[in-house]
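Report on the following structure.
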Amino acid sequence: MSTPPSDLIDQVRLWNETTTPYPRDSALHELFHQQARRTPAAPAVEHHGRTLSYGELDRRAARLAERLQAVGVRPGARVGISGGRCVESLVAVLGVLRAGAAYVPLDDGFPEARLRAMAEDAEVQVVVVLPGSVCRLRQLRATVELTADDAPETRAETRTERGAGDAADGPGTAVDATTCAYVVFTSGSAGRPKPVAVPHRGVVRLAVGTSHLTVTPDDRVLHGYSLSSDASTIEIWSALLNGACLVLLDREILVSPLGLGREIGERRISVAFLTTSVLHHTARTHPGAFGGLRHLSAGGEALDPHLARRVLAESRPGQLINFYGPTENSVISTAQVVRDVPPEADSVPIGRPVANSTCYVVRSDGTLAEPGEDGELYVGGDGLALGYCGDDELTARHFVHATFGEAEPRRLYRTGDQARWRADGVLEFRGRRDRQVKLRGYRVELDEVETILRSHPEVGEAVVEAVGDGAELRLAAYVTPAVSGSPPAAERLRAALAEWLPQHVLPHRIQVRAEFPVARNGKVDRRALLAEPVNTPDAAPELTLEPVVQVPAARRPEQTAARPDTAGGALQQSLGQVWETLLRVPVSPQDSFFDLGGDSLLASEMVTRSLNLLGMEAAHGSALVRHLLDDPTLTGFASTAHALRRGAATGAAPERVDFDREADLGAALPEASGPAPRVPQREILLTGASGFVGAFLLDRLLRRTDARVLCPVRARDARHARRRVLNNLARYHIEADWPQERLVCFPSDLTAPQLGLDEKHFTELSETVDLVLHAGALVNFLYPYTALRQANVEGTREVIALAAPRRVPVHFVSTIAVIAGFGSAGVRYVPEDVPLRHGDRLTMGYAESKWVAEGLLREAADQGLPVTVHRPYEVTGERRSGICNTATAISSLFRTIAETGLAPDIDLPLDFVPVDYLADAVTHILTTRPAESRVYHLTNPRPATLADMIGRMRAAGHHIIDLPYKDWVGELVRHVAAHPNSPTAPFISLCVDHGNKSDLSIKELFFNDVFPAFGQENVERGLAGSGLDCPPVDAALLDLYLEYFYRTEYLRRPDRAPALEHGAS
């Protein structure tokens, strides 16, 4: 483990300076006895009209302790408490502690088998049975019955022997503060629940001398948690160690927003600790419930920022706190006072370490994470649990000793949660590490998908879980309506999700539920939710998702004329089974693949499975995809497969596109009018800010210019657009520390006329922007030109229309792939400013769409519009961390080589352009060069080859065999056939489809002996004196990217292979 920098150590140490005086050496029952002697007549607990004073509660606890000791309970023993919350449950807790034992809640609602296992694991010797408890353990353990009639007045110790308000004579059995006070079982884990032993000190630190809350004798504290939830301890002891009154509310009141609000008012409750689920449920339907509280805390799950804002706006309590903490650190580790929630916020911070607690954010290699960097949250301090009962191995695995600049190692608990420090020392929760799943080769954060769903205005709560195994793994989403009785509108929810969730994160289906089942700890019962039947007659409606690329309306199945089943019943039935397996819904002949939840990634997998089923060649895959987009019905797909299988030319013939005609602007630009664009720019329009390259371009524009940057984004509204952009920056670890008013985001659509804006907004932009940086595009190597035309070509037409009236300079981010046709035609060198030709030789829809877009821009440039085109090669990870977009063809190639141990022996260039260098270069050019029409080949002057990367993979421990290209392609086809959901599947057509007017595959068009050399004179002049230098694709850069692949688990690190460092082999 390497040593973190001293300034980082000092910063984290400063944030962890939380030591505060409190009675750390006292036990809970001792402190309660002291309070009972101070205020013996004060009310301690109320429930159903009954009240016990501090003196009465102390005396009853003392008598119970005597009874327990009489049946053999000794200091350090474990005593179960069977039954629900009531006055006697407080007597039981205090009585067990006074006997020197630890209490173990045993909820009657648990199955008998689970209760037996819990009693066994916690080594329960005796069980205190509360009034009304069925106690399924009577035959297995000694029991002590505690009844409501067991009152002081019925005992031999009468009022004549001691005053009605006196406390018991002594505090009970003396124990050390590090002795176990209670054992609770962690919930939500797979398999057998884990018993956690928590010491007295862990709870005392939260109740006395705290940094986040002060409870006084005037307070009335709500008690709503079950004893089996460790959060009940903060309710009980915050009240009883400070002289306050504990007010018990029944479960049915807690889950009724109106009932909870009424009880808070009528019973004068001033302090409430609620589960986040209860707060959300109440805030959504009756936010006025909390107005009378002096203090309101929520914890257990992520706090919804929209609902937090609503509480603050409509019924602001005296103090609202978002708290966080695992059972293994005594309930609360951090707390954040929530005074306001910015409109663009998509989460609420979990705050700073509470008094006498510490927090560390740790990378996977065991070093401290920098502020702004995600890592696992380690917590420590006086709240640490003793460990897991009877499981030293598990305890050692989760409770570790680590040193971060200190002289001595300190004991810490690994939470398994992801978090990050803000620059001001506040922690942000980033989800569970075990809430990450690998889906189609990509890592998916389930909590992130839940957050996005909750942000939809029609959605209340959202739960997302992974269902199925292996290749059948899918995401299932469950939502409740934001307004009771008004379930989300299917079309709006579908469209919203398809617009701003990555394809591989889209839930396979969404189930709408009136409400979610709630577990006894107050959290959503996810297991019960998953166990509910789907599509039963009484089930709520099920929604499925549209594709990211919408099927044109003219081709939707409802407008497709009925025709005979030319494919034959057997073939269509077999293909229907493939669809049902993938989509997990029943399929009928006229159902649309995309309406049933399909997307481009599922389409690729479905086509691969279909080819395998029918014994067809991989070369037919592109035709199947193309026709699926034209007619997405099962009948249409089966007909195409039938025709291809018979060798019918009509089945495979693609639509011929006249690319020269497509690139015709079609009209003259308007006469130049209005004020000239300002230099330096005051307003810059940036498209594509929600993408990988766009994130870094946005960052550079905001840092290197003084302009406002206007970002059109696919979104519901401006707030949603801004949140998408900020989330995208955070995804790539880009700190948004520039003046926030300089970023302006608004909803837009590249596929719509006027970019989806109304006439007023479009005209306003045309009249005010000083430069357009058009980086937005639909990137998909599977889809043909016709499926990408609307976004990539027509969107560029609209950009030209916006810029033309004032001749606003347009900078266009294209791709070097547009010159591949020259190589196919035998041209060996392409200067930067030469007009494009040979578009009909490209054969890849994405490159074709960029070729046409460039043609439109060149014609506009010929008419006087200043146009600059930037053509990068392979845009790769930034140079500091290697963070990159892995959903690329080159990344999938590396993965296939690693998984199969086979590599093609080809001269393929690795012309890598780190994204931060690209953003720096584009920004320098647009801020320093005159408004002139130029093309810049922003490629790497010192590229590597695939052989170099294979060498670095071998140095990292991979065993790889080189094969001739054609043999390797055959192995690739077999690999994808065996793994239809492989990330490589969408790119296999590059290797098996031949280029137009060529016998070479599309991939071969990019080999060094085919792809033309290209000029970089404009780049050299444009960057002269800038200090910008594209780093060579050497061992250090390749190792950096490999380390990123390993760190994010995109690639599996070879066994026993050391981490790569700067190219050392």
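The values are calculated or read from the model by the stated rules, or taken from the named source; none is laboratory data. This one's a predicted model, so the numbers in the text were calculated from it and none came from an experiment. Backbone-built Cβ (ideal geometry, glycine too); neighbour counts: all protein chains shown.
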Handout entry: Unmet requirement for Ser673, which otherwise passes all of (1) surrounded by 18 or more Cβ atoms within 10 Å (Cβ to Cβ); (2) polar (S, T, N, Q); (3) over 28 Å from Val779 (Cα atoms)
Key = (1)
Handout entry: Qualifying position, being in a helix (DSSP H, G or I) and touching a residue at least 40 places away in the same chain (Cβ under 8 Å), among Leu246, Leu206
Key = Leu206
Exercise for the section: May I ask you to list the residues in region 335-364 that are under 21 Å from Leu386 (Cβ atoms) and within 24 Å of the chain's Cα centre (by Cα)? Expected result: Pro353, Cys359, Tyr360
Handout entry: Where a residue in region 643-670 is closer than 23 Å to Ala804 by Cα and its partner, wherever it lies, is at pLDDT 90 or above and part of a loop (DSSP other than H, G, I, E, B), with Cβ under 7 Å and at least six apart
Key = Ala668/Gln863; Leu669/Ala804; Leu669/Gln863; Leu669/Gly864; Leu669/Leu865; Pro670/Ala804; Pro670/Pro805
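Against the condition hydroxyl-bearing (Ser, Thr, Tyr), free of Cβ contacts under 8 Å to residues at least 40 places away in the same chain and out of contact with any Gly (no Cβ under 6 Å at 6 or more places or on another chain), how does Thr815 come out, does it pass? Break it down stepwise before answering.
Details: hydroxyl-bearing (Ser, Thr, Tyr): yes; free of Cβ contacts under 8 Å to residues at least 40 places away in the same chain: no; out of contact with any Gly (no Cβ under 6 Å at 6 or more places or on another chain): yes.
No.
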Fill in the blank from the handout: Taking region 567-593 and keeping only residues that are without any contact (Cβ under 8 Å) to a residue 60 or more places away in the chain, surrounded by 14 or more Cβ atoms within 10 Å (Cβ to Cβ) and outside any helix (DSSP H, G or I), one is left with Val587, Pro589, Asp591, Ser592, Phe593
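Only one residue in Ala736, Ala721, Ala676, Ala672 is in a helix (DSSP H, G or I), more than 24 Å from Ser849 (Cα to Cα) and of a type in the set (Gly, Ala, Ser), so which one is that? So that I can check it myself, show each step before the final result.
Details: Ala736 fails: in a helix (DSSP H, G or I); Ala676 fails: in a helix (DSSP H, G or I); Ala672 fails: in a helix (DSSP H, G or I).
Criteria check complete, one pass: Ala721.
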Practice task
Of the conditions (1) under 36 Å from the mean Cα position of the chain (by Cα); (2) closer than 21 Å to Asp911 by Cα; (3) crowded, with 21+ Cβ neighbours inside 10 Å, Gly951 clears all except one; give me its number.
Solution key: (3)
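Quick grid of which residues meet (1) outside the structural domain of Ala528 (by TED's automatic domain parsing); (2) modelled with pLDDT of 80 or more; (3) farther than 22 Å from Asp717 by Cβ; (4) not acidic (Asp, Glu):
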{"position": "Leu427", "(1), (2), (3), (4)": "yes, yes, yes, yes"}
{"position": "Asp447", "(1), (2), (3), (4)": "no, no, yes, no"}
{"position": "Glu450", "(1), (2), (3), (4)": "no, yes, no, no"}
{"position": "Leu453", "(1), (2), (3), (4)": "no, no, no, yes"}
{"position": "Val463", "(1), (2), (3), (4)": "no, yes, yes, yes"}
{"position": "Tyr478", "(1), (2), (3), (4)": "no, yes, yes, yes"}
{"position": "Ala489", "(1), (2), (3), (4)": "no, no, no, yes"}
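Every residue in region 367-423 that is small (Gly, Ala, Ser) and either free of Cβ contacts under 8 Å to residues at least 12 places away in the same chain or outside any strand (DSSP E or B) (or both), please.
Within region 367-423, Ala369, Gly372, Gly383, Ala385, Gly390, Ala396, Gly405, Ala407, Ala423 meet the criteria.
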Practice task
Check whether at least one residue in region 849-863 is basic (Lys, Arg) and either within 24 Å of Asn940 (Cα to Cα) or touching a Phe, Trp or Tyr at 6+ places or on another chain (Cβ under 9 Å) (or both), and report yes or no.
Solution key: yes
Practice task
Determine, yes or no, whether Arg724 is under 21 Å from Gly795 (Cα atoms) and surrounded by 15 or more Cβ atoms within 10 Å (Cβ to Cβ).
Solution key: yes
Exercise for the section: Run Thr763 past the list (1) in contact (Cβ under 8 Å) with a residue 24 or more places away in the chain; (2) under 22 Å from Pro866 (Cβ atoms); (3) of a type in the set (Ser, Thr, Tyr) and report the number of the one that doesn't hold. Expected result: (1)
Practice task
Given the conditions (1) within 30 Å of Arg422 (Cβ to Cβ); (2) in a helix (DSSP H, G or I), report the number of the one that Phe32 does not fulfil.
Solution key: (1)
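Could you tell me which of the residues Gly877, Gly855 is over 30 Å from Ile950 (Cβ atoms), surrounded by 19 or more Cβ atoms within 10 Å (Cβ to Cβ) and either small (Gly, Ala, Ser) or not assigned by TED's automatic domain parsing to the domain that holds Thr705 (or both)?
Matching residue, one of Gly877, Gly855: Gly855.
Could you say whether any residue in region 1023-1031 is part of a helix (DSSP H, G or I) and out of contact with any Gly (no Cβ under 6 Å at 6 or more places or on another chain)?
If we filter region 1023-1031 for residues that are part of a helix (DSSP H, G or I), which is where we start, we get none.
Scanning region 1023-1031, I find no residue that is part of a helix (DSSP H, G or I) and out of contact with any Gly (no Cβ under 6 Å at 6 or more places or on another chain), so the answer is no.
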Problem - Number of the condition not met by Ser748 [criteria: (1) in contact with a strand residue (DSSP E or B) (Cβ under 9 Å, 6 or more places away or on another chain); (2) more than 21 Å from Leu697 (Cβ to Cβ); (3) polar (S, T, N, Q)] - result: (2)
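Residues Val73, Val45, Val12, Val96: which one is buried (at least 23 other Cβ atoms within 10 Å of the Cβ), in a helix (DSSP H, G or I) and of a type in the set (A, V, I, L, M, F, W, C)?
Val96
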Practice task
Would you check if Leu918 is at pLDDT 95 or above and not charged (D, E, K, R)?
Solution key: yes
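If you check Arg934, Arg895, Arg952, Arg929, which single one turns out to be assigned by TED's automatic domain parsing to the domain that holds Ile1002, among the basic types (Lys, Arg), farther than 25 Å from Val834 by Cβ and in contact with a helix residue (DSSP H, G or I) (Cβ under 7 Å, 6 or more places away or on another chain)? Show your work before the answer.
Numbers: Arg934 fails: farther than 25 Å from Val834 by Cβ; Arg895 fails: in contact with a helix residue (DSSP H, G or I) (Cβ under 7 Å, 6 or more places away or on another chain); Arg929 fails: farther than 25 Å from Val834 by Cβ.
Only one candidate passes the filter, namely Arg952.
Residue by residue through region 264-281, note down the ones that are at pLDDT 90 or above and crowded, with 19+ Cβ neighbours inside 10 Å.
Step one: of region 264-281, the residues at pLDDT 90 or above are 264-274, 279.
Selection gives Ile264, Ile269, Ser270, Val271, Ala272, Phe273, Leu274, Leu279.
Using the structure shown, decide if Ser892 is in contact with a Phe, Trp or Tyr (Cβ under 7 Å, 6 or more places away or on another chain), among the hydroxyl-bearing types (Ser, Thr, Tyr) and within 21 Å of Val818 (Cα to Cα).
Details: in contact with a Phe, Trp or Tyr (Cβ under 7 Å, 6 or more places away or on another chain): yes; among the hydroxyl-bearing types (Ser, Thr, Tyr): yes; within 21 Å of Val818 (Cα to Cα): no.
Spelling it out, it is not the case that Ser892 is in contact with a Phe, Trp or Tyr (Cβ under 7 Å, 6 or more places away or on another chain), among the hydroxyl-bearing types (Ser, Thr, Tyr) and within 21 Å of Val818 (Cα to Cα).
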Problem - Residue among Tyr360, Tyr324 that is out of contact with any helix residue (DSSP H, G or I) (no Cβ under 9 Å at 6 or more places or on another chain) and not assigned by TED's automatic domain parsing to the domain that holds Ala181 - result: Tyr324
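Kindly establish whether Arg63 is surrounded by fewer than 23 Cβ atoms within 10 Å (Cβ to Cβ), out of contact with any strand residue (DSSP E or B) (no Cβ under 9 Å at 6 or more places or on another chain) and in a helix (DSSP H, G or I). Spell out the reasoning first.
Working: surrounded by fewer than 23 Cβ atoms within 10 Å (Cβ to Cβ): yes; out of contact with any strand residue (DSSP E or B) (no Cβ under 9 Å at 6 or more places or on another chain): yes; in a helix (DSSP H, G or I): yes.
So Arg63 passes the test.
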